[in-house]
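The values are calculated or read from the model by the stated rules, or taken from the named source; none is laboratory data. Source: prediction; values computed, not measured. Cβ placement follows ideal geometry from the backbone for every residue including glycine, while neighbour counts extend to all protein chains displayed. Ligands, DNA and RNA are excluded from the accessible area calculation, which covers all protein heavy atoms including side chains. Shrake-Rupley method; radii C 1.70, N 1.55, O 1.52, S 1.80 Å.
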Amino acid sequence: MASAFAHALLAYTVGKAYPRKEQLWKFSLLGAFCAVFPDADVIMFKLGVPYEHVLGHRGFSHSLAFALLLGLLVTRLFYRSTRLISSRGLLLVLYFFLCTASHSLLDAMTSGGLGVAVFSPFDNGRYFLPWRPIQVSPIGVGRFFTQKGVDVIESELIYVGLPCLCLGVFMWLIRKVVQR
């Protein structure tokens, strides 16, 4: 898996494409939550669920169906005054969906694991992207503060951080041009 830092950074960057009135702390924090939440499935290891099981690590919680469900749930719970079937409601659902789905994208670009069940529950196959430059992050906080963790951060700075920075600068320039 990519680290929580990379997942949250990508969600924050995606949020910068939204109107400034939406870019409040709640919006950004919920986006980061959605981007990181799929890895809560590691608790299944403690419950004896094998990695390759549909409910195991990188299983259903990493699917597009789960991303949509979480996007709907977060919008419903935290934006109660906004109707889901409104332009704002749909944009919020889309944002939280994209943040959650971005988790699977980054994990499918990592160098380890068994793949990602992107299409679960309809297809429980595990998939990687053909290009996998991100070093897989160790599971557990203690293991992250080792040389392996440093290697992960280095690869994420290059393959997640730099593209996010470029996208952020690009969106900033577009806003400047549109304002004129």
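Does residue 72 count as open to solvent by 30 Å² or more (accessible area, probe 1.4 Å), part of a helix (DSSP H, G or I) and in contact with a helix residue (DSSP H, G or I) (Cβ under 7 Å, 6 or more places away or on another chain)? Criteria met by residue 72.
Against the condition charged (D, E, K, R) and surrounded by 15 or more Cβ atoms within 10 Å (Cβ to Cβ), how does residue 83 come out, does it pass? Answer is no for this residue. Report yes if some residue within the range 47-61 is in contact with a Gly (Cβ under 8 Å, 6 or more places away or on another chain), assigned to a helix (DSSP H, G or I) and either of a type in the set (Gly, Ala, Ser) or open to solvent by less than 60 Å² (accessible area, probe 1.4 Å) (or both); otherwise report no. No, because not a single residue in the range 47-61 is in contact with a Gly (Cβ under 8 Å, 6 or more places away or on another chain), assigned to a helix (DSSP H, G or I) and either of a type in the set (Gly, Ala, Ser) or open to solvent by less than 60 Å² (accessible area, probe 1.4 Å) (or both). Only one entry in 6, 32, 2 is crowded, with 17+ Cβ neighbours inside 10 Å, closer than 27 Å to residue 161 by Cβ, at pLDDT 95 or above and within 19 Å of the chain's Cα centre (by Cα), namely 32. When residue 99 is tested against (1) under 24 Å from residue 51 (Cα atoms); (2) touching a helix residue (DSSP H, G or I) at 6+ places or on another chain (Cβ under 7 Å); (3) open to solvent by 20 Å² or more (accessible area, probe 1.4 Å), only condition (3) is not met.
Of the numbered criteria (1) in a helix (DSSP H, G or I); (2) in contact with a Lys or Arg (Cβ under 9 Å, 6 or more places away or on another chain); (3) closer than 20 Å to residue 41 by Cα, the one residue 138 fails is (1). Residue selection: residue 83 fails the criterion of being within 15 Å of the chain's Cα centre (by Cα) and of a type in the set (D, E, K, R). Scanning the range 113-135 for residues that are touching a residue at least 12 places away in the same chain (Cβ under 8 Å), over 17 Å from residue 158 (Cβ atoms) and either charged (D, E, K, R) or in a loop (DSSP other than H, G, I, E, B) (or both) yields a count of 12.
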